[in-house]
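Engineer: One structure follows; several queries about it will come next.
The values are calculated or read from the model by the stated rules, or taken from the named source; none is laboratory data. Predicted, not measured: the structure shown is a model, and the values here were computed from it. Neighbour counts run over all protein chains shown; Cβ positions are idealised from the backbone, glycine included. To get the accessible areas, we keep the full protein, side chains included, count just its heavy atoms, and leave off ligands, DNA and RNA. Shrake-Rupley method; radii C 1.70, N 1.55, O 1.52, S 1.80 Å.
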Amino acid sequence: MMSGEFYIDGTGVSIPPAVPIDRVVADGLYSAEDHAETQMLSVAIAADGFPAEMAVDAARQALAASAHEPPDIALTLYAYISNQGLHGWHSGAFVHRFAVGNSAPAIEVVQRSNGCMAALDLATAYLAARDAGAALIATADRFDDMPGGRWNYDYGLLVGDGATACVVSREGGFARILSLVSHADSTFEEVHRGDFAYIPMQDIGATPSFRRRKQQYFQSHGLAETVARFSSGISTVVTRALDDAGVRRTEVDHWVLPNVGLQELRTYYLDALKIPVDATLWNWGRTVGHLGAGDQIAGLHRLRQEGRALPGRTLVLLGVGVGFNFTCAVLRIEDE
């Protein structure tokens, strides 16, 4: 349970133009069978540049939209999945240098698709422990060189490029964090390892795709068992977060979930939460793809852009990252 009151005070995104999936299928890069499963319309793809450059853009937007200035930021957290461009480089320091520029710490968060949500949990704990005012969270990914390639990287989803950012404040903001809960089931680490041992050369040719690793896992454990345990993790973290917030599921106005394909969304999320697809941002998510570590901030930003984040409305942000780690936040919109 959080110590004290926390708010989201400003968001920002940097999402490049999207490529229609029909065209990708016609070019033979993505199978018609996979397309029928995911029902994606388009995917955001960056032409060039470091992901951290997009993150700086998003972070500057978030700061400008908040009541805080860069000197107010007591912690910068940067989360990502993809290659950041140079092995051994601290890309989080780049984001801090060009978006914040003070002497407060900059830390990278490696929680994969749960990156922004894990960072939110860490940021609130840090601010409470240090009695500090505000933190910056940023994410960015560019998936052009993933194992298996962008179009065959994983089952059930398509990855999209882009960056997100938000300012977490103890002083106020447009959304109050009613509760924030994290939960882990590390027996799931095998899903993305399979039977593979240590690979000395982490290059694209030597690293097996997630698809190959998952195939090995499902051969040993089966899909039904995996779905049941995954759904249990989601149900556990969401139930705890709603209980902490004093909110019933029927009182949630918007569910901001990972941007996955429609079949995966139904199998792993909608059925577990017992909610309809219309309660989510699926119609937007299917146009940009899974934005790595940043789906939830991007979804919150989208609701504000569309004028749907109205005062009094209740939102649930749910993140899930390989391993598996689950984080759920319940927000109440305070200011349009």
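Engineer: Tell me, please, whether a residue that is among the aromatic types (Phe, Trp, Tyr), at pLDDT 70 or above, within 25 Å of Val24 (Cα to Cα) and open to solvent by 10 Å² or more (accessible area, probe 1.4 Å) can be found in region 133-149.
Structural biologist: The answer is no; no qualifying residue exists.
Engineer: May I ask you to verify whether Asp335 is in a loop (DSSP other than H, G, I, E, B) and among the acidic types (Asp, Glu)? Give the derivation first.
Structural biologist: Details: in a loop (DSSP other than H, G, I, E, B): yes; among the acidic types (Asp, Glu): yes.
Here the answer is yes, as Asp335 does meet what is asked.
Engineer: For residues that are open to solvent by 10 Å² or more (accessible area, probe 1.4 Å) and charged (D, E, K, R), scanning just region 291-306, find the one that is farthest from Cys166 (Cα to Cα).
Structural biologist: So, considering only residues that are open to solvent by 10 Å² or more (accessible area, probe 1.4 Å) and charged (D, E, K, R), the one farthest from Cys166 (Cα to Cα) is Glu306.
Engineer: Could you say whether any residue in region 200-214 is outside any loop (DSSP other than H, G, I, E, B), surrounded by 15 or more Cβ atoms within 10 Å (Cβ to Cβ), over 24 Å from the mean Cα position of the chain (by Cα) and modelled with pLDDT of 60 or more?
Structural biologist: The answer is no; no qualifying residue exists.
Engineer: Being open to solvent by 60 Å² or more (accessible area, probe 1.4 Å) and more than 25 Å from Asn325 (Cβ to Cβ), is that true of even one residue in region 107-127?
Structural biologist: No, region 107-127 contains no residue that is open to solvent by 60 Å² or more (accessible area, probe 1.4 Å) and more than 25 Å from Asn325 (Cβ to Cβ).
Engineer: Pairs, please: C-beta under 8 Å, at least 6 apart or cross-chain, first residue more than 22 Å from Gly292 (Cβ to Cβ) and in region 45-71, second among the aliphatic types (A, V, I, L, M) and surrounded by 18 or more Cβ atoms within 10 Å (Cβ to Cβ)?
Structural biologist: Final answer for the pair search is Ser66/Ala134; Ser66/Val167; His68/Ala134; His68/Val167; Glu69/Leu63; Pro70/Leu63; Pro70/Ala99; Pro70/Val100.
Engineer: Here is a further query. Kindly indicate the residue of region 322-336 that is surrounded by fewer than 24 Cβ atoms within 10 Å (Cβ to Cβ) and within 18 Å of the chain's Cα centre (by Cα) and also nearest to Ala55 (Cα to Cα) among those meeting that condition. Can you show your working first?
Structural biologist: Kept after step one, since they are surrounded by fewer than 24 Cβ atoms within 10 Å (Cβ to Cβ), are these residues of region 322-336: 322-324, 332-336.
Of the ones still in play, those that are also within 18 Å of the chain's Cα centre (by Cα) are 322-324.
Working: Val322: 22, Gly323: 25, Phe324: 25 Å.
Residue satisfying both the conditions and the ranking: Val322.
Engineer: Mind checking which residues of region 249-285 are of a type in the set (Lys, Arg) and either in contact (Cβ under 8 Å) with a residue 60 or more places away in the chain or outside any helix (DSSP H, G or I) (or both)?
Structural biologist: Once the filter is applied, which keeps residues that are of a type in the set (Lys, Arg) and either in contact (Cβ under 8 Å) with a residue 60 or more places away in the chain or outside any helix (DSSP H, G or I) (or both), region 249-285 yields only Lys274.
Engineer: Looking at Val288, is it surrounded by 23 or more Cβ atoms within 10 Å (Cβ to Cβ), in contact (Cβ under 8 Å) with a residue 12 or more places away in the chain, of a type in the set (A, V, I, L, M, F, W, C) and within 19 Å of Ser179 (Cβ to Cβ)? Talk me through it step by step, then tell me what you get.
Structural biologist: Numbers: surrounded by 23 or more Cβ atoms within 10 Å (Cβ to Cβ): yes; in contact (Cβ under 8 Å) with a residue 12 or more places away in the chain: yes; of a type in the set (A, V, I, L, M, F, W, C): yes; within 19 Å of Ser179 (Cβ to Cβ): no.
Against the criterion (surrounded by 23 or more Cβ atoms within 10 Å (Cβ to Cβ), in contact (Cβ under 8 Å) with a residue 12 or more places away in the chain, of a type in the set (A, V, I, L, M, F, W, C) and within 19 Å of Ser179 (Cβ to Cβ)), Val288 does not qualify.
Engineer: Any residue at all in region 70-86 that's under 23 Å from Asp9 (Cα atoms), part of a loop (DSSP other than H, G, I, E, B) and open to solvent by 20 Å² or more (accessible area, probe 1.4 Å)? Before the answer, list the steps.
Structural biologist: Filtering region 70-86 down to residues under 23 Å from Asp9 (Cα atoms) leaves 70-80.
In the following step, the residues that additionally are part of a loop (DSSP other than H, G, I, E, B) were identified as 80.
From what is left, the residues that are open to solvent by 20 Å² or more (accessible area, probe 1.4 Å) are 80.
Within region 70-86, one or more residues are under 23 Å from Asp9 (Cα atoms), part of a loop (DSSP other than H, G, I, E, B) and open to solvent by 20 Å² or more (accessible area, probe 1.4 Å).
Engineer: Condition (residue is touching a residue at least 40 places away in the same chain (Cβ under 8 Å), more than 19 Å from Leu41 (Cβ to Cβ), part of a helix (DSSP H, G or I) and not aliphatic (A, V, I, L, M)) applied to region 306-320: is it met by at least one residue?
Structural biologist: Residues of region 306-320 that are touching a residue at least 40 places away in the same chain (Cβ under 8 Å), as a first pass: 308-309, 313-320.
Pick out the ones that are also more than 19 Å from Leu41 (Cβ to Cβ) and you get 308-309, 313-320.
If we keep only those that are part of a helix (DSSP H, G or I) as well, we get none.
So far as region 306-320 goes, no, none of its residues is touching a residue at least 40 places away in the same chain (Cβ under 8 Å), more than 19 Å from Leu41 (Cβ to Cβ), part of a helix (DSSP H, G or I) and not aliphatic (A, V, I, L, M).
Engineer: Pick from Val56, Val110, Val100: which is hydrophobic (A, V, I, L, M, F, W, C) and over 29 Å from Ala18 (Cβ atoms)?
Structural biologist: It is Val100.
Engineer: Every residue in region 215-248 that is at pLDDT 95 or above, within 20 Å of Gly299 (Cβ to Cβ) and assigned to a helix (DSSP H, G or I), please.
Structural biologist: Selection gives Val237, Val238, Ala241, Leu242, Ala245.
Engineer: Could you list, in sequence order, the residues of region 2-57 that are out of contact with any Ser or Thr (no Cβ under 8 Å at 6 or more places or on another chain), open to solvent by less than 40 Å² (accessible area, probe 1.4 Å) and assigned to a helix (DSSP H, G or I)?
Structural biologist: Val24, Asp34, His35, Thr38, Val56
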